[in-house]
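Input: a single structure, listed below in structure tokens.
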Amino acid sequence: MKKVTMAIVALLFVAAIATSAFGFSWGRGPGFGFGPCARGDSQGPAGVDLTADQKAKLKEMQEARFKDMEPFREKMFAKRDELRKLWLEPNPDQAKIEAAQRDMRTVRDQMQDKMTAFRLESLKVLTPEQQEKIRSFAGGRMGGKRGYGPGGAGCFGGGPGGRGNR
């Protein structure tokens, strides 16, 4: 009788583990992703119909921006690792930590300047009507109300999405 009970308990345990494992999948859920405004494949913001030429131009610009930002990302990773090491020292040196943080801010500012230039160049690809449509999105970065919420107005950024459990 004891063996049968142990076998049933083991079977129920395996079933419980398997059931919870099947419940997780890659889908929409909390995390960083494209969000509801972007289509994620250089098609631009949802609701703004881009021509094939505009899509191609934006895709080309995005690829160039990605390559252009690579050195800045590498610098940022290096600075982050340097700062982490400074904090992990037995007696952290305040001056060194503050200097490392200033260096990170400098790189971050350079990245932000590049992103601003990209956004301005991206707007030049759009017609005045398409630009107005982007500006009219409420709650976004390029016009309307500011606040916390999904996506961004111009959707040149990210919003909720990524790995979920649906």
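Quick grid of which residues meet (1) in contact (Cβ under 8 Å) with a residue 12 or more places away in the chain; (2) farther than 28 Å from Glu63 by Cβ; (3) of a type in the set (Phe, Trp, Tyr):
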{"site": "Leu88", "(1), (2), (3)": "no, yes, no"}
{"site": "Asn91", "(1), (2), (3)": "no, yes, no"}
{"site": "Gln94", "(1), (2), (3)": "no, yes, no"}
{"site": "Ile97", "(1), (2), (3)": "yes, yes, no"}
{"site": "Thr106", "(1), (2), (3)": "no, no, no"}
{"site": "Met111", "(1), (2), (3)": "yes, no, no"}
{"site": "Lys114", "(1), (2), (3)": "yes, no, no"}
{"site": "Glu121", "(1), (2), (3)": "yes, no, no"}
{"site": "Thr127", "(1), (2), (3)": "no, no, no"}
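For the structure I just gave you, tell me whether Glu89 is in contact with a helix residue (DSSP H, G or I) (Cβ under 8 Å, 6 or more places away or on another chain) and more than 30 Å from Arg135 (Cα to Cα). It is false that Glu89 is in contact with a helix residue (DSSP H, G or I) (Cβ under 8 Å, 6 or more places away or on another chain) and more than 30 Å from Arg135 (Cα to Cα).
Every read-out reported here was derived from the displayed coordinates using simple, explicitly stated rules and does not represent laboratory data. Quick caveat: nothing in here was measured; it's all calculated off a predicted structure. As a convention, Cβ positions derive from the backbone with ideal geometry for all residues, glycine included, and neighbour counts pool all protein chains shown.
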